[in-house]
Amino acid sequence: ASSAEDVLTSRFGDLTAKVDSAIGDLEGSVMPKLNWACPKDATWMNPLSSLRCNNAEEIILMLKASDRVLHDVMHAFKDCADIDAGSETDLKQVLTLKKWYDFDRRRELRCFVVDGDLVGVSQRYLSEDAADLASEKEEILRKVKDFFCDVVKERFDGLSTYAFDIHISKRDRI
């Protein structure tokens with residue numbers, strides 16, 4: 001074992017074992033999140049260059065490298081007028097592991113709502129070539145409209161103008 005592994009085991013042995021066990025329960029790959037923030041600014045540290053983590057060591061590496069996570073740990077309530085400055089010390093940090101799913105980025109859509117009406121749908125990542133999806137355009141739009149009417153609209157009651165992102169799987173699930 002390397003000295004880095006020895007340090008991890010001595011300081012975080014029980015925690016890393018629990019995290020590795022949870023990762024196994026979630027089929028071997030997860031996306032970590034600490035309270036509000038995921039370490040998306042630290043994907044450069046991950047051997048997979050993504051948020052996908054396969055063990056506790058990768059999670060710890062990414063959490064430590066993330067400025068977003070650091071901000072939430074050290075200054076979560078800095079600009080809040082209705083929270084005491086010392087409240088950060090009372091905040092319980094929670095590590096959440098979400099099962100990893102590989103998404104086809106070409107099937108991620110950004111939807112725009114104005115005055116309560118769905119007025120636009122666009123490809124989320126414009127640099128991805130989605131020309132092969134053109135034949136599915138009408139079916140995709142129908143599914144998006146149905147999802148908006150059946151799920152989204154009622155949850156955003158009181159908001160009239162907003163945007164939301166969705167992914168339509170190859171099995172047509174949103």
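The values are calculated or read from the model by the stated rules, or taken from the named source; none is laboratory data. None of the values given here were measured: they were computed from a predicted structure. Because the Cβ atoms are built from the backbone with ideal geometry, glycine has one as well, and the counts that use them run over all protein chains shown. Calculation scope for accessible area: heavy atoms of the full protein, side chains included, ligands and nucleic acids excluded. Shrake-Rupley method; radii C 1.70, N 1.55, O 1.52, S 1.80 Å.
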I want to verify the translational diffusion coefficient of the chain in µm²/s; compute it with Stokes-Einstein, Rh as the Kirkwood radius over Cα pairs, at 37 °C and 0.692 mPa s.
171 µm²/s
Over all viewing directions the Cα convex hull of segment 74-174 casts an average projected area in nm² of 9.8 nm²
Helix-only [θ] at 222 nm, the chain, -39500 (n - 2.57) per DSSP H run of 4+, per residue, nearest 500, equals -9500 deg cm²/dmol
Considering the options Trp100, Ile140, Met74, tell which one lies farthest towards the positive end of the dipole of segment 29-158, charges being +1 on Lys and Arg and -1 on Asp and Glu at the Cβ, about the Cα centre.
Trp100
Using the basic label-point model (7 angstrom from Cα toward the beta carbon), what is the Asp104 to Arg171 distance in nanometres?
1.4 nm
Once the Cα gyration tensor of segment 21-105 is found, what semi-axes does its equivalent ellipsoid get, as square roots of 5 times the eigenvalues, in whole Å, sorted largest first?
27, 13, 11
Name the residues of segment 91-132 whose amide N is less than 11 Å from a point 7 angstrom out from the Cα of Thr43 along the C-beta direction?
103, 105
Take Ala131 and Thr96, extend 7 Å from each Cα along the Cα→Cβ direction, and tell me the distance between the two endpoints in nm.
4.0 nm
In degrees, nearest 10, the alpha-carbon axis of helix 56-65 is tilted away from the dominant principal axis of the alpha carbons of the chain by 80 degrees
The local net charge around Asp132, scoring Lys/Arg +1 and Asp/Glu -1 for residues other than Asp132 whose Cβ lies under 13 Å from its Cβ, equals 0
Positive dipole terminus of the chain, leading residue within Leu159, Pro39, Ala130 (C-beta point charges):
Ala130
For a Förster distance of 30 Å, can you work out the FRET efficiency between the beta-carbons of Leu15 and Ala163, rounded to the nearest 0.05?
0.20
So, with +1 on the Cβ of K and R and -1 on the Cβ of D and E, and no other charges, what is the size of the charge dipole of the chain about its Cα centre, to the nearest 20 debye?
300 debye
Can you work out the accessible area per residue across the chain, with the rest of the protein chains kept in place, probe 1.4 Å, in square angstrom?
67 Å²
Let me see the pair-distance distribution of segment 127-170: every alpha carbon pair, 10 Å bin width, integer percents in order.
21, 48, 25, 6
Can you pick out the pairs among Lys18/Lys92; Lys137/Lys170; Lys40/Lys153; Lys33/Lys137 whose Cα atoms lie more than 25 Å from each other?
Lys40/Lys153; Lys33/Lys137
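Using 0.36 nm per residue, how much length does the chain from Asn55 to Trp36 gain when fully extended, once their Cα-Cα distance is taken away?
4.8 nm
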